[in-house]
Each structure stands twice: as structure tokens, then as C-alpha cells.
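Down below is the structure, laid out as C-alpha cells.
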Amino acid sequence: MNFDSGSLVGAPCFRLLAYNPTIAEIVPDNTLPVNSSVTPKGNTRVIEGGTRRDDNLFHSFKEFSFSVRTTDTTGDTAHFNNDLTVRNIITRVTGGLRSDIDGTIKANGTANLFFINPNGIVFGRNASLQIGGSFVASTANSLKFADSTEFSATAPQTSPLLTISVPIGLQFGSNPGEIVNQSQVSPDGAVNSISSPVGLQVPSGRTLALVGGHVSLEGGNLTATGGRIELGSLAGDSFVNLREIETGYALQYKDVLNFGDIELSGGAVVDASDSKGDVIQIQGKNVTLTDNSLILSITSQSNTGGNLVINAAESVKLSGGSNIGTVADGEGRAGNVLVRALDSIELVGTSNGSASIVGSQVCVLSSDCNSVTGDGGDLMIETSKLLIRDGAAIDASTFGAGRAGNVVVKATDSIELLGTSPDRQVSSGIFAQVAEGVIENAGDAGTLSIDTKRLTVMGGAQISTAARKGGNGGNLTINASDLIQLSGTSPLATASPSDKNRSGIFVSAEPEATGHVGNLNITTGLLTIEDGARISADNFGSANREGNATLNVRQLLIQNGGEVRAGSFASGPGGNLVVNAAESVQIIGKGNIASTPVPSTLFTQAQASGKAGNLNITTRSLNVRDGAEVTVSGKDLGPAGNLTIVANDLRLNQGKLTAETNAGQGANIELQNLDLLLMQNQSQISARAFKDANGGNINIDAAKGFVVAVPGQNNDIIANAFQGNGGEINITTKGIFGIEERKATQGNTTNDIDASSEFGFDGTVSINTPDIDPNRGLIQLPVEPVNVQVAQGCQTTGTQTAGKQSSLASTGKGGLAVNPYEPLSSSNIWEDVPVSTQTGTSRQRESVATVPNKIVEAQGWVRNEKGEIFLVAEDSRCSLR
């Protein structure tokens, strides 16, 4: 959160350029039973008289404007010289002119001041307040009271008898006037929480409210230390309730249908620090902050800070380094922040700073963050569409010993996070983290929860939670009902393990961190990670508890150098990575980052002494191709995890499933429930061990399916070792085709299954196929089959008797066995059977096509003199004369 007050001094006064500063008129209208009077005394207008009703004092003016004199730039004063027992000073302006106030409004005692002018109110650069109570300035038509009476500025002659009741609401007409604040004064050197001028200020524990049509803070500041600030903009006939509270008044808009716009520009500051309850409420149609404008509440004491609430009927937009937020800068907890816009929220960064909504930051201003033990508040963002770009951010961080607040973002339609700041130094994004430069005994990060329909993160934008020093990282949960798309990097990205400058979603423990890594949970329909983008749960420190990543999706697509990983890069353990994809997982191709080729990967790894986590994938279809990889690995002293895949259809086309380790056990591969394992184009399934580690085991369960490798394409299944022993390869399948057990040699084109070791003992290969019934699926033949060649090729001369066929009869012992299941013997001879002569018309015997030699079904069997049995095919050809 950038509290840059430098731009606040000398902020432009746009509206006053059209205002004549020499005009100074405060004129009573004589509409009250006891009229007001105005007496000039030097630079002061003393206002007395008015009509008193119990605790209420009523004033009515035709005009009410005053400003700096040409000879005295200190400004004039309008002094309500009320009795100290007055509780409420109620003032209206009825003449049809706006009020231009460029001096001091003063009242006695602790009286509240209500100022109503339906035609508009402008507070100039020199405007200030010197009152002891709350201040409500409004362009409402009238002020309503509990007894249903009304004090009207548009119909003063019809007002009833003045009341002793308390005010309960503001009644607006069809076209309420605007309210402008340009105040930049510092009475008696007073400054606000960020050392800029206080502008319009009320005493501690009081309310400062500006409620009208269009509301603009043009470089003007509002300050209510320990109190409350209300900004409200309305359009059309509306009624706003006034509810009296401990710190003054709370405005309620439950019956308002039409709102107007609220703008903060020129470095305007709205500050209600060291307050309790809902301390800042902003209600409008479109709320816009530009030019380093700020809305903030800082808690520097031991009490719980106040909440900040912004409600927009349409949109909220921040740009130019503007900020909204609460801060814990002492022992007390910071207040919460709620930003709600029905249509959209847009945050736009600049090269000089980043526009951000800050839910809670701990220790922003204190020089001794060890003494800042207060926790940050929580941040909730609610809208239809959220856009964060050009280095803007939503950020809940801790620099001190206090815990950062939680962040909840809900966007019913979409969330887009795009790019970096124009100087490429700051990523757009959503963050909940222990900040860089934090103290050793840092507080924990808060949790981060995102709920939307579509989430897009591109061009180096990021979503992350991070642990640093002794602080623990927060959990990150994302639900996107339709899709999540992560794409690209910033122009400064490199191929290093660091997440910096990559688009993505990250949970991490950074270097020097001893705190725990948060967990990552993502649920969506389609999850796409492409063009160098990344999802990771990484431990770069010595944190003794890993962060796990779980992806629950319908479809997962990783392509063109995209990565999903859980890693250990120091002594702390890496987390587990779990992918549950109801339909499919596709990991495709390679990409380039800073001219370095990087494969699309899904993996867990250990780069140092920490242990890597396991990788578990459950899906219906897994496709790894075009140089992509699924990997578990231990590159140094840290052992690798295990790879487990449960899939019906697993296809590798120039793809790899690898498990590699340099130390310890692990690096096993389990493939379960396969209907088909298909390997093409130099694909590989390998469990390799280097140095003296033993090779991992590979278990492939395709008991109901097949293992197929396309011949001649160098597809291998390997469980090799260097100095250690080779691993075990166990394959259970209905059928295995195109691949066999033999030593895999680099550069060959054969498909090999190899569990050898270079210098240790070879491992084992076991291929198990269940018993198969050879007759299953064959057509059942008739008990007495008909030989078609005999029936059609052995015709008699003469007429066939109806229903009778030509026949060849075997009487046995003449060269053929009586029973075809009996063996032939050398004593058997052929014997012709006489054929009866039949009369009838002679017909030409049909020619029988020559049957080519081919493999045919065995029709019998013979035993030779050695007792050996051979299957034979009978010669069925015959010739009858």
C-alpha cells in the first residue's frame, strides 16, 4: 500500500477556477419565528439568533458563501455563536444558489452541525471546520425528524412548527446538487495519518458526512481520527436514514433505488484512523479513485480498528497509484475492508506505483516492526467482473509480528489479471503473504479464497500466498465453475525455478523461511496452463511442513511450456501434487522462455536435500505428447516421490513418464486400471536411479486391457540403475504387443523393457497375462458338418433325387478312421464304395475352383512310429467316375 503524500501538496483546485473569491455573502431569509442574524467582525461573520427548540437550534439563509479576501489569504470564518447547551445546529440555504465555502466554519461547544443546500456545496482549498460535534453537509431538500416533521430548504414557508425531535433522515429531490471538496488546510499545523493536510476535519469520535448528488474530492482531504466518514451520492427522489451511533451518525440507504457518482482525484485522502466499528462508508453508483488518492484507516493503538465499506451500484475503479485499505501499525487489529460493486471492479497500475485494494497490511509506517503485534483485517471483494492490470493488486501482507488478514474475492462472472506495471517491476495480482523485508519473528500470512465463473491470469500476473522468515504461508483456494486460463510470462521472465515474472498461481515458502508452506486447492471445469505459465506449491526454505497442491478439474490442459509442480529447493520437504480430472489430462509440447526451450510438465521434484512429494493423477484419459513430461525426481540428496496414475486410456506420443532419484528409496511408477497403454515415437516410461541409488519399480496394471508399442519407434519401459540395483517391472495385461524384454540401447529403434544396472545387480521383469480360452469368440460348428466341396464338387450323372445330395461315405479301416477323433494308422487303406446308378437328365459337372494353399483349421491328428502326435488337414478333394 503506497501512502505517497508528496502528490497531495499543491493538488489542483479545479472547481475554484470558476469561483469569484471576492464574493462573500451570508444572508438570512427571515423564514423562522426567530430569524438568524449575521454580524461581520473583521474576517469573521458571527451568526446568532435562530430559533431554539429544546436541544435543536435552527438557522435559515437565503445565501451562504464566503471565501478568502484579496488582502488576506487566511480566509474568513463563519462563526455559529450558539449556546453551549445546544446539541444540534440545523442550517438550511433556501435562495437557489450553491454555497461556496473557502474559509472556516466554527461552532461553540460540542454541537453537531447539519448544513443543507439542495443547489450544491463547494468546499474550497482553504475550507476547514472548527466544531466540537459531527458535521453533515448535504444537498438534500429537507431534514426529517422522528415526529414526522420536516425542515425543508425548498419549501421554507410551508414548514410546520419546528420540532424538538431528533433528525432521522435526509429527503432528496429529483436533481440533488453536487458536493465538491478541495480542502488542503492544516489548522495549527495539523496533519493526518500519512502526514498530509487534514482538510475538513471533525474531532475524535465524531462523524464527517458529505451526502449529495455527484460527490467529488478534487485534491481535498477528509479526516475523522477516532471517528467516522460518510460519502454518499444519490440521483432522483430518495430518502437516506440517519441512525445515531456512538461516534455520531451512520447513514442507511436501504430504500434508495438510484445512486450518483463519487470521485476522488488529485491525491485526495479520506482518513478515519484509530477508529472503531464501520468507520468509513462510501455509497454510490460509480466510485472512482485517481492520481494517488487514498481511502484508509490505520490502527496505531491497542484497540481493534474500524471497518471500511464501499458499495457501488455499478462500478469501482482505481488508477494512478490510488489505494483503499486498513493498516495495523501497533498492538491493535486492523479493520476489515468490504468493496462491493454490482457490475465491475477495475484496478489499473502506473509506472510510479500500483493501484491496489489492500485488505490488511501490518507495519507500514512504524520504524520498529518488532513492536507491531496487531493483526491485519480481512478483505472481501464482491462484484460481477474484476479486472486487475498494469501492476495493480489486491494485497493483504504483514511486515511485522502480527498476522496478515484473510482475502475473499467473489466475482460472479469473471476475474482477469493482466500483465505487469509499465516498467515491468510489479506483477498485477492478488496476494496474501508475509512481505519481503519482513522481520525475523514475522507474523503469518492470511488465507486467500477466490470464487468465480472464469479466471484469466496472463502476461506475468500472479495469484500467491507466501511464507517468509518465521511466518507461515496461508492456504490458497480457487473455485472457477467454468474455466481457469493461465498464460504467458512477463518480458523479464527466465527459465529459472523462481516464480518471478511468470503468470500463475503459487503457494510458497521463500528463501530463509522457516514457516510452513500453505496448501493450494483448485476446482474448475477446464484448467489451461500454457506458454510458460505455472502452478506451483514450492518450499525454497527450511520450512518443516510442505504445501500440497490439489487440482479437481473436468479437463486439464498443459501446453507450450506450461508447468504444474510441487517442489523442494532447500532442506524443507516438498509437497504432494494431486490431480483429479473427471474427463482428461493433456500435456502437450514445448515452449520457449527467454529463448530457452522448456517442456510442458506435470511434476514433483527435490533440487537439494529436502524430500520431494508424490504425484497422483486420476483421470479417464491421459495424453502426454510432443516432448511433454510427467515426472517425479530427486536431483541431489533429497529422495524423489512416487508417481501414481489411475487412468482408463494412457497415450504417450513422444512423451515421458519418469521417476528419477540420486538418493534413497522412491521414484516408483504405478499405472493402474488401464484399458489401453499406447506408446509411440520414442515415448518412455522410466524409473531411473543414479549414483548408488537403486532403480525404482514400475507396476503396470492393464489386466482388462492391452499394452501396445508401435514397432520400430524406440518406445521403452525402463527401471535402470547405475551403481545400485535395477528395479522391478511388473506388467499385468490381456495382451502386450510391439515391445519385449531386452536391454535398451540408446539410439536403437526397438521397443524395449529393461530393468538392468550398469554396475549393480539387474532387476526383474515380470509380464503376466491371464488364462485365455482359445475357443472364446469362435462360432459353434454343427455336430455333423457338411463338406461343401464334397457336396457341390462330387455330382453323379443323372437326376438328383429330391432332398438328396451327392456323398462320400467312409466305412472305416480303409485309410480313414470311422471316428474323426481316432488316429490314422499305417494299416488303414482307402476303399471305394459302389455308387448306385440313377436315371435322369445328365448335367455337366460344375467346375470347382482351385483352392490356394493356406493355413486351415486342423481336421484330425496322426501318431508316428515314435508316438509323436501331429495335427493334420484332410484332403477333401475327390473325383468320381
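The values are calculated or read from the model by the stated rules, or taken from the named source; none is laboratory data. Quick caveat, the model's predicted, so the values are computed rather than measured. Here the Cβ positions follow ideal geometry from the backbone for every residue, glycine too, while neighbour counts run over all protein chains shown.
Return the residues of the range 442-459 that are of a type outside the set (K, R) and over 16 Å from A509 (Cβ atoms); say none if nothing qualifies.
Passing the criteria: S449, I450, D451, T452, L455, T456, V457, M458, G459.
Report yes if some residue within the range 656-675 is under 27 Å from R620 (Cα atoms), touching a residue at least 60 places away in the same chain (Cβ under 8 Å), assigned to a loop (DSSP other than H, G, I, E, B) and of a type outside the set (V, I, T); otherwise report no.
no
Just a yes or no: is a residue in the range 244-251 in the same structural domain as I179 (by TED's automatic domain parsing), within 14 Å of A140 (Cα to Cα) and within 35 Å of the chain's Cα centre (by Cα)?
yes
Looking only at residues in the range 664-710 that are surrounded by fewer than 21 Cβ atoms within 10 Å (Cβ to Cβ) and small (G, A, S), which one is modelled with the lowest pLDDT?
This residue is G664.
Restrict the check to the range 417-433 and report whether at least one residue is basic (K, R), within 29 Å of E331 (Cα to Cα) and in contact with a Pro (Cβ under 9 Å, 6 or more places away or on another chain).
no
Of the numbered conditions (1) surrounded by fewer than 21 Cβ atoms within 10 Å (Cβ to Cβ); (2) under 25 Å from P33 (Cβ atoms); (3) modelled with pLDDT under 95, F151 satisfies every one except a single condition; which is it?
(1)
Are any residues in the range 347-361 aliphatic (A, V, I, L, M), modelled with pLDDT of 75 or more and surrounded by 22 or more Cβ atoms within 10 Å (Cβ to Cβ), and if so, which ones?
Matches in the range 347-361: L347, I357.
Is it fair to say S428 is in contact (Cβ under 8 Å) with a residue 60 or more places away in the chain, within 30 Å of N370 (Cα to Cα) and not hydrophobic (A, V, I, L, M, F, W, C)?
Yes, satisfied.
Exactly one condition in (1) modelled with pLDDT of 95 or more; (2) charged (D, E, K, R); (3) within 26 Å of E546 (Cα to Cα) is false for R454; which is it?
Evaluating R454 over (1) modelled with pLDDT of 95 or more; (2) charged (D, E, K, R); (3) within 26 Å of E546 (Cα to Cα) leaves (3) as the failure.
Could you check, for the range 109-120, whether at least one of its residues is over 50 Å from the mean Cα position of the chain (by Cα) and farther than 16 Å from E244 by Cα?
Checked against the condition, which is being over 50 Å from the mean Cα position of the chain (by Cα) and farther than 16 Å from E244 by Cα, the range 109-120 yields at least one hit.
Just name the residue that is modelled with the lowest pLDDT out of those in the range 16-39 that are within 19 Å of N126 (Cα to Cα) and surrounded by fewer than 19 Cβ atoms within 10 Å (Cβ to Cβ).
For the range 16-39, the residue satisfying everything is L17.
Of all residues in the range 518-542, which are assigned to a loop (DSSP other than H, G, I, E, B) and closer than 15 Å to Q607 by Cβ?
The answer is F540, G541, S542.
Can you name the residue in the range 218-234 that is farther than 14 Å from A272 by Cβ and not charged (D, E, K, R) and, of all such residues, is surrounded by the most Cβ atoms within 10 Å (Cβ to Cβ)?
Result: G220.
List every residue pair whose Cβ atoms sit under 7 Å apart, with the two residues 6 or more apart in sequence or on different chains, where the first one lies in the range 597-619 and is more than 16 Å from V646 (Cα to Cα) and free of Cβ contacts under 8 Å to residues at least 40 places away in the same chain and the second, anywhere, is surrounded by 24 or more Cβ atoms within 10 Å (Cβ to Cβ) and among the hydroxyl-bearing types (S, T, Y).
These pairs meet every condition: A606/S568.
Suppose we keep only residues that are more than 19 Å from V553 (Cβ to Cβ) and under 25 Å from the mean Cα position of the chain (by Cα) within the range 590-611. Which one would you say is modelled with the lowest pLDDT?
I593
Take I717 and decide whether it is surrounded by 24 or more Cβ atoms within 10 Å (Cβ to Cβ), in contact with a Leu (Cβ under 6 Å, 6 or more places away or on another chain), assigned to a strand (DSSP E or B) and not aromatic (F, W, Y).
no
How many residues are modelled with pLDDT of 90 or more, surrounded by 24 or more Cβ atoms within 10 Å (Cβ to Cβ) and either among the acidic types (D, E) or not in a strand (DSSP E or B) (or both) if we restrict to the range 362-398?
So the count comes out to 3.
Please state which one of D499, D538, D482 is at pLDDT below 85 and closer than 25 Å to N580 by Cβ.
From the options D499, D538, D482, the qualifying one is D499.
Among residues belonging to the range 621-641 that are at pLDDT below 95 and not hydrophobic (A, V, I, L, M, F, W, C), point out the one that is nearest to I587 (Cα to Cα).
The residue in question is S633.
So which of N286, N323, N311 is within 19 Å of I388 (Cα to Cα) and assigned by TED's automatic domain parsing to the domain that holds A235?
N286
Out of T139, T39, T51, T77, I need the residue that is of a type in the set (V, I, T), in contact with a strand residue (DSSP E or B) (Cβ under 8 Å, 6 or more places away or on another chain) and within 16 Å of T154 (Cβ to Cβ). Which one?
Every option except T139 fails the conditions.
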